[in-house]
Every structure is written in C-alpha cells, then in structure tokens.
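Trainee: Here it is, the structure, as structure tokens.
The values are calculated or read from the model by the stated rules, or taken from the named source; none is laboratory data. All of these numbers come straight from a predicted model, not from anything done at the bench. FYI the Cβ positions are ideal-geometry reconstructions off the backbone, even for glycines, and counts take in every protein chain you see. Surface accessibility is based on the protein's heavy atoms, side chains included, excluding ligands, DNA and RNA. Shrake-Rupley method; radii C 1.70, N 1.55, O 1.52, S 1.80 Å.
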Amino acid sequence: MSDWHSWAAIAVFVVAYVAIISERVHRTAAALGGAAVMLTIGATDDKAAFFDERSGIDWNVVFLLLGMMAIVGVLRQTGLFEYLAIWAVKRARGKPFRVMTMLIVITASASALLDNVTTVLLVAPVTLLVCERLALPAAPFLIAEVLASNIGGTATLVGDPPNIIIASRGGLTFNDFLVHLAPIAVVLTAVLVVLCRVMFRKALVYDEERAAEVMALEEREAIRDHRLLYQGLGVLVLVVFGFVAHPVLHYAPSVVALLGAGLLIAISKVETGEALKEVEWPTLAFFAGLFIMVGSLIETGVIGEISRALADATGGSELGATMLLLFGSAVLSGVVDNIPYVATMAPITADLAHGFGGDGVHVLWWALALGADLGGNATAIGASANVVVLGIAERNRQPISFWQFTRYGLIVTAVTVVLSAGYLWLRYFALS
C-alpha cells in the first residue's frame, strides 16, 4: 500500500472515531460509513475485508454473538432472568452495593470459564431486572459488569478472544494462563469492587420499601415455561462444555454457539423469528464496520508500523520490553478493538521473546495479554463485551453514552494496568 493509502486510512478512522465518541451519529452508522469509505478509497478490498481473518471481519466473533443472542432470546421467554433477579436481590437483602458486588464476582468468575461476551449476554438481562425491581439506575451496574468481565476473562485461555490468539502463537496451554494470570485477575477483581464502591456511591441508594417488596416475592413463580427452561438450560450446559473443551474438541466457539442455537430452536416450540428477534443486529453490524476499519489500518501497514515502533523502543531490556508492551498495548487496545490488535502484535511479540531467550520469555506474552485485555476497559469500544452491553442497554431504553462508560473505564484501566506492572515486575524480575 502507498503512503497515500496509509494517511487516508488514518484520516477516515479518526473521523469515524470522532463521530462515534461525539454520538452525533449512531455508532453503527459511523462504523459502517467508515468501512464503506475504506473500501471506496482502496485502503482494503473485498477479499481482505470479508475473507482475511487477520485484517477483515472476525466472523468467529460475529457468529458467536449471533448464536448466544439467539439462545438468550429463548431463555428470556422462560422467566429465568426474572427468577435470578429476585434470587440475587433476596440474597443481598436488597442492598445495592451487595448486589453490585455479587454481580461483579459472578461476572468475573463466569468470564474465566466462558468468554466475556457470552457472560455479559447472560448477566445483563438479570441486571436490568434487578435495577428495575430496586428502582436503581442500570448504567453503573452494567458498566461494573463489563469491567469485571474483561478482568475475569484475563485469567484463562478461553476467557477473552485475544488470549486464544496469544496461546496459539506462543504455544501456551490453558494451565499456563491459569498459573500466570489467574492470581492477578483475582486481585484485580477485588480492587474493582473497591473502585466501584467509590465511583458509583451516589447511585447505590438503598430503598427500603422497594427492597421489602422484592423480599416478599417468591422467585419460583417467575418461571413461565418449565419445559422450555429445561431445554434451554440443557443446551446452555452443552454449549458451555463445548467452550471449555475447545482444546480437545477443536470446535471454534462460534461453531459451538451456532450449533447450540440451532439445536434449541429445533427441539423447542419457539418460532425462529421469535428467537432471532432478540439478536442485537445493530451491534453485529457495528462490529463488522469496526473490523473493516481496523483491518484497513492493518492492510495499509499503519498498525504494523506502530507495533514495530513499540518493539524497537525497548532498547534491548527485557524489563523495558515488558513494561512497554504492557502499557503500549493498554493504550492501543482502548482505541482499536483488542482482537485485531493482538493478531497484529502477536508475531512481533514472538520475535521479541525469541530474541531475549531464556526461561523468562513468557513474561512478554503475559504483558501482551494483560495490556490488551485490561486496556479494552478504557473506552466504550475497546472490547467486544463493551459494545455488546451498550447495545443491550440501548435496546432496553437505558442508554449508556461513550463518555459515561469511558470516564469510569479509564480509571479502572489505569489502576489495574499499574497493579499488573507491579505484579509482572515482582514475579518475573524481582523474585526471579
């Protein structure tokens, strides 16, 4: 690609990004418009945009979302989410901070076993109902859950899509992630609970009357269709097993989700149109446009140049490379989606690791994973889970603006990345 294409791609991306954060244009229209211009000016082409997994639409992400949204759409009809909402409020005695803490811990834990996008798809409907019952604003709870999902997803190979790319390129196993990243993920989840207590203190107002009303409810009465519930939960268990058994079965999460959605619709009496009605089509379209725009930056060499500059700035120091990779990844993953970023940065990290040699080379992979996963919390479009929750909130008339999310996300990202830097230094340099 020529320098002209590179600068043009940067200009288009910046304009589209400004349109997204200004919210004067709907984010889906801005992303699709930007993608259309990228194709028009030749910054990318149809082959790269639609068929190249490195620089085009990540269909695994799109179809994973599609399948899980369809499954959630069926489960919604059973009354399961109402049941879980009442159960959660009763266990927390209607105290808002206890509810938030419970949802944060559940979300972070589930994100480590599933992936963070699947988790927020399941937890967000429950959260909306909890907030409705307690007359609380939904935004603080949804934002806290997204932040928790990205932190929890850091802990395992399957928790966040970038981790799968890192594992593949670095030859890392599920247990490698568990041993090296799970400890810091647990610490950061506890830190998030404390931060949320401070950041959202004005929204955590206890309404004794509302709490008493919920405490008087019987959660079992919320279930409307027991047969459909058993069918939906059975399929969900199979899907979760498929996710966890990925290293053995070798079925991509998107395939597992689509098979689960198809099976559930086939065995239940739910109309196909009813199941697909719950799919967040604008969110899927936004992802498609965003992937094409970021892919154009890859095709024109822009992201490659940034990544190489990051690598060249290490100065031959392993500690310097680790910290630069951690903080640089956190910054860049807040601006572009962390999946294409990691796909571009992984081979450069492999070269760096090979150059340093020795037993400590894995620290660079952990720096990349922590930077990309935690950096995704920085802005409303930094990670897939963020975009999904914003779409759900908008659909339920509880919109969360770009800046409303980002002003909290930046705080959490700054604190968690600094703590991660301390963890990497202490474990792999000071004590090694």
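Trainee: At what distance in nm do the modelled label points of VAL244 and ASP312 sit from each other, each positioned 7 Å from its Cα along Cα→Cβ?
Mentor: Modelled inter-label distance: 4.7 nm.
Trainee: Quick one: angle between helix 318-335 and the longest Cα principal axis of the chain, in degrees between 0 and 90, rounded to 10, please.
Mentor: 50 degrees
Trainee: Before I look further, what does the chain give for accessible area per residue, probe 1.4 Å, in whole square angstrom?
Mentor: I get 41 Å² per residue for this part.
Trainee: Compare LEU236, LEU352, LEU249 in a GNM of the chain, Cα atoms joined below 10 Å, and give the one with the largest fluctuation.
Mentor: Judging by the Gaussian network model, the answer is LEU249.
Trainee: Given the Cα-Cα distance of ALA29 and MET102 and 0.36 nm per residue of separation, how much length would full extension add, in nm?
Mentor: This chain segment gains 22.7 nm when fully extended.
Trainee: Tell me the angle of helix 302-312 to the major Cα principal axis of the chain, expressed in degrees between 0 and 90 and rounded to the nearest ten.
Mentor: Result, in degrees: 70.
Trainee: For HIS246, what accessible surface area do you get with a 1.4 Å probe? Give it in Å², rounded to 10.
Mentor: Probe radius 1.4 Å; accessible area of HIS246 about 50 Å².
Trainee: Here is a follow-up. How much length is gained on full extension from HIS362 to ARG197, taking 0.36 nm per residue of separation minus their Cα-Cα distance?
Mentor: 55.9 nm
Trainee: Leaving ligands, DNA and RNA out of it, work out the accessible area of MET323 with a 1.4 Å probe and give it in Å² to the nearest 10.
Mentor: Roll a 1.4 Å probe over it and MET323 shows about 40 Å².
Trainee: If I build a Gaussian network model for the chain, linking alpha-carbon pairs within less than 10 angstrom, which residue out of ALA367, ALA285, ALA252 has the largest mean-square fluctuation?
Mentor: The residue with the greatest mean-square fluctuation here is ALA252.
Trainee: Pairing the Cα long axis of helix 27-41 with the longest principal axis of the chain, what angle in degrees results, from 0 to 90 and rounded to the nearest 10?
Mentor: 30 degrees
Trainee: Sticking with this one: Can you tell me, using C-alpha contacts under 8 Å and at least 6 residues apart, the relative contact order of the chain as a whole percent?
Mentor: 25 percent
Trainee: Can you compute the radius of gyration and Dmax for the chain, using only the Cα atoms, both in Å?
Mentor: Calculated on Cα positions, Rg and Dmax stand at 21.4, 68 Å.
Trainee: Also, I was wondering about something else. Could you sort GLU23, GLU305 by accessible area so the largest value comes first, with the probe set to 1.4 Å?
Mentor: Ranked list, largest accessible area first: GLU305, GLU23.
Trainee: Would you mind getting me the FRET efficiency between TYR206 and ALA414? Use the beta-carbon distance for r and R0 = 25 Å, nearest 0.05.
Mentor: Computed FRET efficiency for TYR206 and ALA414 comes out at 0.25.
Trainee: Which shape class applies to region 173-313: rounded if a/c is under 1.5, otherwise prolate when a/b exceeds b/c and oblate if not, where a ≥ b ≥ c are the square roots of the Cα gyration tensor eigenvalues?
Mentor: Oblate, because a/c is 1.5 or more while a/b does not exceed b/c.
Trainee: Further question on the same structure: Report the gain in length on full extension from ARG224 to ARG91: 0.36 nm times residue separation, minus Cα-Cα distance, nm rounded to one decimal.
Mentor: 45.7 nm
Trainee: Using a Debye calculation, one point per C-alpha and no hydration shell, please list log10 I(q)/I(0) for region 77-142 at q = 0.23, 0.29 Å⁻¹ in order.
Mentor: -0.98, -1.38
Trainee: From the helices alone, meaning DSSP H stretches of at least four residues, give me the mean residue ellipticity at 222 nm for the chain, per-run term -39500 (n - 2.57), in deg cm²/dmol to the nearest 500.
Mentor: About -25000 deg cm²/dmol.
Trainee: Non-local amide H neighbours of ILE400 (under 5 Å, H modeled in plane, Pro and chain starts lacking H): which ones?
Mentor: The list, which skips near neighbours in sequence, is GLU394.
Trainee: Still on this structure, please answer the following. Using a Gaussian network for the chain with springs between C-alpha atoms less than 10 Å apart, which of these wobbles most: ARG98, ARG201, ARG27?
Mentor: With Cα springs under 10 Å in the chain, the top fluctuation among ARG98, ARG201, ARG27 is at ARG201.
Trainee: For region 77-87, take each phi angle, set θ = phi - 60°, evaluate the Karplus expression 6.51 cos²θ - 1.76 cosθ + 1.60, and give the result in whole Hz per residue in order, putting x for glycine and proline.
Mentor: Rounded to whole hertz, the list is 6, 8, x, 4, 5, 5, 4, 5, 5, 5, 4.
Trainee: Applying 1/(1 + (r/R0)^6) with R0 = 41 Å to the Cβ-Cβ distance of ALA266 and ASP45, what FRET efficiency is obtained, to the nearest 0.05?
Mentor: So the FRET efficiency works out to roughly 0.60.
Trainee: Between region 1-71 and region 203-227, how many Å separate their Cα centres?
Mentor: So the separation of the two Cα centres works out to 42 Å.
Trainee: Here's another thing I want to ask about it. Heavy atoms only, 1.4 Å probe, whole protein assembly: order LYS47, LYS277 by accessible area, highest first.
Mentor: LYS47, LYS277
Trainee: Ignoring ligands, DNA and RNA, what percent of the 1.4 Å accessible area of the chain is carbon and sulfur?
Mentor: Within the chain, the accessible surface is 63 percent carbon and sulfur.
Trainee: Right, something else. Just how much of LEU364 is accessible, in Å², when a 1.4 Å probe is used and the result is rounded to the nearest 10?
Mentor: Estimated to the nearest 10 Å², LEU364 gives 0 Å².
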